[in-house]
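The values are calculated or read from the model by the stated rules, or taken from the named source; none is laboratory data. Predicted, not measured: the structure shown is a model, and the values here were computed from it. Virtual Cβ from ideal backbone geometry, glycine too; neighbours counted across all protein chains shown.
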Amino acid sequence: MEKMRVAVALSGGVDSSTAAALAQERGYAVIGLMLRMWSEEGDSFLPNKCCSPEAVADARRVCQTLGAPFYLLNVEEEFKARVVDFFVDGYAAGVTPNPCLQCNRLIKFGTLLAKARALGAEFLATGHYARVYQNARGAYELHQGADTHKDQSYALHGLSQDQLAHALFPLGEYTKTATRALAAQFNLRVAEKAESQDLCFIADGDYRNFMRRNRPDALTPGPILDAQGNVLGEHTGLPDYTIGQRKGLGIAAREPLYVTALDGARNAVIVGRKAELGARALRARAVNWIPPEMAARLPLRAMVKIRYRSAAMPALLSAADAGDVRVEFDEPLRDITPGQAAVFYDGTRCLGGGIIANEPQGTK
């Protein structure tokens, strides 16, 4: 009987490489797929970290070790249009975008999944630390990875039922330490390879310099205002500032001031005292419900994460206009940041989530 095929999204790192080896060990016929994504032009020392020559060589060697075919797919134009431009446009508009959400939904589980299916693969496997289950009703559920410190369900909350039906996360039950041990057992040369925490297309790790190189018009100076609209100083460009920032404001004040909002319409940085920083509620837009029926069950209580690395906090979800969701937390949170995702959980199960709107709603 012919083995079921699984395409594995390879990056040349230990996680995706071990995912490929585990898929093969579980009886799948593995196909290695790697994406050649956009890199900055004009400087050969600024390659995309996910597809540098070294990363490609590492991924190719992994497939050679496993005896699996290897394909390198060029998605430079699509990645630039759907991920990089999304990133720079967001910062230019005064929000803090998360390009990984776009990449997972549109590139990896969009373009790459389509290619995998065209090659006869039933699943696309990745090195994400997350779990997918099919419940008794036949619907697919996304759950947090067993390693809570590495869980990446937050970045996958935008996947649809159809995408989850063809997703495979072999590392979902493992810790990072266990993954490295498995890589060594599988004789993968990347077992001790360091991992990168930075955005793959920002080679020097500095998004502000990246914006200056690729969207200099977004770095337009403007006013620093307090909540009453008084001008306190001048900023160097909205991308230079983040919600909660205290240092580098260049303002003389009797008490510390923090960035409380970025106003793209006025090209203004809004600052206030520490007490003005927290908010009890936010509005989530472009909400994706993994169990589609959840939208009809509002209002409901859930745990909500507002950043990948933040702790999930208890909140009440209720319906807002245009399909948005109002999220009201039990306690005020300091770091509600427009452009990031608010992701909803019921225990380990990810219910879905949406993008935090430009102006958080509710009392502070």
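Odds and ends about this structure:
- Residue in segment 85-103 that is among the polar types (S, T, N, Q) and assigned to a helix (DSSP H, G or I) present: yes
- The residue that is surrounded by the fewest Cβ atoms within 10 Å (Cβ to Cβ), among those in segment 334-364 that are at pLDDT 90 or above and not in a strand (DSSP E or B), is Gly347.
- Candidates Tyr71, Tyr28, filtered to the one that is surrounded by fewer than 21 Cβ atoms within 10 Å (Cβ to Cβ) and farther than 30 Å from Val259 by Cα: Tyr71
- Enumeration of residues in segment 89-146 that are free of Cβ contacts under 8 Å to residues at least 40 places away in the same chain and touching a strand residue (DSSP E or B) at 6+ places or on another chain (Cβ under 6 Å): Tyr133, Gln134, Asn135, Gly145
- Residue within segment 303-316 that is at pLDDT below 95, outside the structural domain of Ala167 (by TED's automatic domain parsing), touching an Asp or Glu at 6+ places or on another chain (Cβ under 9 Å) and outside any loop (DSSP other than H, G, I, E, B) present: no
- Across segment 185-214, the qualifying residues are those that are surrounded by fewer than 18 Cβ atoms within 10 Å (Cβ to Cβ) and basic (Lys, Arg), and the one among them that is nearest to the chain's Cα centre (by Cα) is Arg208.
- In segment 112-138, the qualifying residues are those that are assigned to a helix (DSSP H, G or I) and over 25 Å from Asp151 (Cβ atoms), and the one that is farthest from the chain's Cα centre (by Cα) is Ala118.
- Condition check for Asp151: at negative phi, not aliphatic (A, V, I, L, M) and not assigned by TED's automatic domain parsing to the domain that holds Ala9: no
- Close pairs (7 angstrom Cβ cut-off, 6 or more residues apart or separate chains): under 19 Å from Glu78 (Cα atoms) in segment 195-217, assigned to a loop (DSSP other than H, G, I, E, B) and among the aromatic types (Phe, Trp, Tyr) anywhere: Phe201/Trp38
- Any pair with Cβ under 9 angstrom, 6 or more apart, that starts in segment 220-241 at a residue that is touching a residue at least 60 places away in the same chain (Cβ under 8 Å) and ends at one that is among the charged types (D, E, K, R) and not in a helix (DSSP H, G or I): Leu238/Asp263; Pro239/Arg215
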